[in-house]
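**Student:** Take a look at this one; I'll ask things after.
The values are calculated or read from the model by the stated rules, or taken from the named source; none is laboratory data. It should be emphasised that the depicted structure is a prediction, and the values quoted were computed from it without experimental measurement. Cβ placement follows ideal geometry from the backbone for every residue including glycine, while neighbour counts extend to all protein chains displayed.
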Amino acid sequence: MVDIEGIILDLDGTIYRGNTPLTFAGEFVNKVKQKGIRILFLTNNSQRTTLYYSRKLKKMGIDASEDEILTSAKATALYIKEHYENPWVFPIGEDGLLTELIKHNIHVTFDWRMSSMLVVGYDTNITYKKLKDAALLLENGGIFIACNPDKSLPTEEGNIPGNGAQLAFLKEATGREPYIIGKPHMPIVKEALSILNTTTEKTLIVGDRYETDILTGFRAGMKTALVLTGATKKNDIHNRRRPDFTVQNLEELWKRLSK
Ligand SMILES: [Mg+2]
């Protein structure tokens, strides 16, 4: 068995695609846990709650408690708790972000004049008013934190604007740069390692997107596994630094890990 104590598992393109589990996903999770290796499911998505993901995974027959799920929204709330004393947060975001802020006893207000910090997550109900108020908060010295930098999201309709596009609007309007929590930035990794209670050397990150999952692993000094079930194809990594494992699916990864 490869010497690891924890695995960070990406969700979309790694564990499932849409509502369909990918090959061996449930078995992989069970077998890893049986070996005493801890698992953390990690997503840059801040829109949904950990409860949503836990239920979604359970419906697919994949055993996952809320404590085993880290969204960029939860990582953001944990980060704020650790680094700031009683900020009043003006949020742009949906259920996933609001739930985590409230769960972590962070003050939330929709009046920018009352707030000291702007937190931006993906928000499909974004309006000019919200963006305007956010920009005014930034102009007035508000702290600027973003859940994740993803510029677009792949959907059946095509690529649609993601949180990165909302951030671009605010950056353009104010000249301010956000502090970003999600992959490929390090704050989410720190939170993940702290939850897993592992060191970088003894942690494996598994994902389907080279630019985020694998680069995050390289930057943090973790072991890396690229599964070719999602965004990145084998030809895309030609001439690039190789992950420790490049595999067709989680079944092949399990075989390689358990050797
Ligand atoms: Mg993915």
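**Student:** Which ones in the stretch 148-159 are touching a strand residue (DSSP E or B) at 6+ places or on another chain (Cβ under 6 Å) and closer than 19 Å to G96 by Cα?
**Tutor:** Within the stretch 148-159, P149, S152, L153 meet the criteria.
**Student:** Just to be sure before I move on: is G96 more than 26 Å from K223 (Cβ to Cβ), in a loop (DSSP other than H, G, I, E, B) and among the small types (G, A, S) in the structure I sent?
**Tutor:** no
**Student:** Of the residues A134, A173, A168, which single one is farther than 18 Å from L98 by Cα, among the small types (G, A, S) and in contact (Cβ under 8 Å) with a residue 24 or more places away in the chain?
**Tutor:** Exactly one of A134, A173, A168 is farther than 18 Å from L98 by Cα, among the small types (G, A, S) and in contact (Cβ under 8 Å) with a residue 24 or more places away in the chain, namely A173.
**Student:** Something else now. Only residues in the stretch 231-259 that are free of Cβ contacts under 8 Å to residues at least 60 places away in the same chain count as the first member; pair them with residues that are of a type outside the set (A, V, I, L, M, F, W, C) and assigned to a loop (DSSP other than H, G, I, E, B), Cβ under 8 angstrom, at least 6 apart or cross-chain, and list the lot.
**Tutor:** Listed pairs, sorted by first residue: T232/D208; T232/R209; I237/P243; Q248/T229.
**Student:** Counting only residues that are assigned to a helix (DSSP H, G or I), modelled with pLDDT of 95 or more and not basic (K, R), how many does the stretch 213-257 have?
**Tutor:** Result for the stretch 213-257: 13.
**Student:** Looking at the stretch 195-221, which of the residues that are away from the ligand (no atom under 16 Å from the Cβ), of a type outside the set (V, I, T) and touching a residue at least 60 places away in the same chain (Cβ under 8 Å) is farthest from I7 (Cα to Cα)?
**Tutor:** Of everything passing the filter in the stretch 195-221, N197 is farthest from I7 (Cα to Cα).
**Student:** Here is a further query. Going by the conditions given, is S116 crowded, with 16+ Cβ neighbours inside 10 Å and among the polar types (S, T, N, Q)?
**Tutor:** It is true that S116 is crowded, with 16+ Cβ neighbours inside 10 Å and among the polar types (S, T, N, Q).
**Student:** Taking the stretch 219-236 as the region of interest, how many residues are farther than 18 Å from L250 by Cα and surrounded by fewer than 16 Cβ atoms within 10 Å (Cβ to Cβ)?
**Tutor:** 4
**Student:** Now, a different point. Within the stretch 6-23, track down each residue that is in contact with a helix residue (DSSP H, G or I) (Cβ under 8 Å, 6 or more places away or on another chain) and surrounded by fewer than 16 Cβ atoms within 10 Å (Cβ to Cβ).
**Tutor:** Residues satisfying the conditions are N19, T23.
**Student:** Taking the stretch 143-158, which residues are within 14 Å of N45 (Cβ to Cβ) and in contact with a Lys or Arg (Cβ under 8 Å, 6 or more places away or on another chain)?
**Tutor:** Result: N148, single match.
**Student:** Suppose the filter is over 23 Å from Q47 (Cβ atoms), in a helix (DSSP H, G or I), assigned by TED's automatic domain parsing to the domain that holds I39 and in contact with a strand residue (DSSP E or B) (Cβ under 8 Å, 6 or more places away or on another chain); does I188 pass it?
**Tutor:** Spelling it out, it is not the case that I188 is over 23 Å from Q47 (Cβ atoms), in a helix (DSSP H, G or I), assigned by TED's automatic domain parsing to the domain that holds I39 and in contact with a strand residue (DSSP E or B) (Cβ under 8 Å, 6 or more places away or on another chain).
**Student:** Only one residue in K56, K81 is within 16 Å of the ligand (Cβ to nearest atom) and assigned to a helix (DSSP H, G or I). Which one?
**Tutor:** Answer to the check: K56.
**Student:** A further question follows. Answer yes or no as to whether K190 is under 15 Å from the mean Cα position of the chain (by Cα), within 16 Å of the ligand (Cβ to nearest atom) and not polar (S, T, N, Q).
**Tutor:** no
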